[in-house]
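The values are calculated or read from the model by the stated rules, or taken from the named source; none is laboratory data. It should be emphasised that the depicted structure is a prediction, and the values quoted were computed from it without experimental measurement. Every residue, glycine as well, gets a Cβ built from its backbone with ideal geometry; the counts of neighbours run over all protein chains shown. Ligands, DNA and RNA are excluded from the accessible area calculation, which covers all protein heavy atoms including side chains. Shrake-Rupley method; radii C 1.70, N 1.55, O 1.52, S 1.80 Å.
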Amino acid sequence: MNFPQFWARGDYRGFQAWRWSANSLQEAQQLADEAAQKLAVRFRSGERLPNRGYYPDRPFREEILREVRNSANEISAVITRNSYGCEVLNTARIMFVDIDLPDRKPQRGFFQRLFGKPIALPDHEQSAVVLKIENWTRQNAEWGWRIYRTHAGLRLLATQGLIGADAAMTGQIFEAFGADPLYRKLCENQNCFRARLTPKPWRCGIRRKPERWPWLTCQAENRFRRWEEKYKSRIPNWATCELIRTVGNRIVHPEVQSIVEIHDQATGARTKLPLA
């Protein structure tokens, strides 16, 4: 997993760049200042600057909220806060698979889908994917899965053992189950699996984006804390996913079991609350 502790923003003649370091804030600041200068030079030379989107080819700038350690006192997972304020579980060797299902309501506009009521998943689409998982698991009987329904698709958690995000088998499973292409890229770039634990803010009525970590001023952090207090007051009314089925091998690896407990508690997977 790649979550550097130190981040800094460089500023140069109106251009800004964030850079990171695992060693010190000073090193991160030096790298950020150099990157901002290079950005200015590239822009003024007429070069088109890339838009990296949500899944970048660099570490995520996310605050680590909690580390989860296994029986050998090794870090098996970290919980971070993403750019729009959600808590996210990141695991080194415990596989999550993110599968998006088609939106069968094209008459609804983008912002209606984004800010409106949860989209009902087509039963036949969900059933077809679950059947694919069951058929694959019959042929690979050592594997076990917890299958969760999310707001817009399915989430799988492999329970029988540990596997790296960069393992060849991981890519084969992603391909077999039709994992979201952006999620595949994330796992490759970050060398981890990832599962959102708390609802997306706009799905529970909070649409203003929070201040992003690391906060550059005390005022910025205070604004975030006020936003966070409002967001946390809405979380108990929503679930992030719902457990719908377990398939395959019933033996759960001990390290996976601890993650299952953290995941299901934080997501409200057994509450039957509306999904966000």
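Can you name the number of the only condition in (1) modelled with pLDDT under 95; (2) surrounded by 12 or more Cβ atoms within 10 Å (Cβ to Cβ) that N73 fails? Result: N73 fails condition (2) only. Only residues that are hydrophobic (A, V, I, L, M, F, W, C), open to solvent by 40 Å² or more (accessible area, probe 1.4 Å) and more than 18 Å from the chain's Cα centre (by Cα): list them for region 163-183, please. Hits for region 163-183 are A168, M169. Could you tell me which residue of region 257-272 is surrounded by the most Cβ atoms within 10 Å (Cβ to Cβ), considering only residues that are in a helix (DSSP H, G or I) and in contact with a Leu (Cβ under 8 Å, 6 or more places away or on another chain)? That would be T267. Restricting attention to region 224-256 and to residues that are of a type in the set (S, T, Y) and open to solvent by less than 60 Å² (accessible area, probe 1.4 Å), the residue that is farthest from W143 (Cα to Cα) turns out to be Y231.
Residues that are among the hydroxyl-bearing types (S, T, Y) and at pLDDT 95 or above were ranked within region 118-162; the one that is surrounded by the fewest Cβ atoms within 10 Å (Cβ to Cβ) is T137.
Summed over region 80-105, the residues that are under 18 Å from E261 (Cα atoms), in a strand (DSSP E or B) and open to solvent by less than 10 Å² (accessible area, probe 1.4 Å) give a count of 7. Residue under question is F115, and the condition is that it be touching a helix residue (DSSP H, G or I) at 6+ places or on another chain (Cβ under 7 Å), more than 25 Å from T159 (Cα to Cα), modelled with pLDDT under 95 and surrounded by 16 or more Cβ atoms within 10 Å (Cβ to Cβ); does it hold? Judged against the criteria, F115 is not a match. The condition of being acidic (D, E), assigned to a loop (DSSP other than H, G, I, E, B) and more than 24 Å from R203 (Cβ to Cβ) holds for only one of E47, E27, that being E47. Somewhere in region 61-68, is a residue of a type in the set (K, R), modelled with pLDDT of 90 or more and under 26 Å from A167 (Cβ atoms)? Among the residues of region 61-68, at least one is of a type in the set (K, R), modelled with pLDDT of 90 or more and under 26 Å from A167 (Cβ atoms), which makes the answer yes.
The number of residues in region 227-256 that are assigned to a helix (DSSP H, G or I) and without any contact (Cβ under 8 Å) to a residue 40 or more places away in the chain comes to 8. When S45, S24 are checked against the criterion of being touching a Phe, Trp or Tyr at 6+ places or on another chain (Cβ under 9 Å), surrounded by fewer than 17 Cβ atoms within 10 Å (Cβ to Cβ) and either in contact (Cβ under 8 Å) with a residue 60 or more places away in the chain or small (G, A, S) (or both), a single residue qualifies: S24.
Anything in region 184-202 that is part of a helix (DSSP H, G or I) and open to solvent by 10 Å² or more (accessible area, probe 1.4 Å)? List them, or say none. Of everything in region 184-202, those that are part of a helix (DSSP H, G or I) and open to solvent by 10 Å² or more (accessible area, probe 1.4 Å) turn out to be R184, K185, E188, N189, W202.
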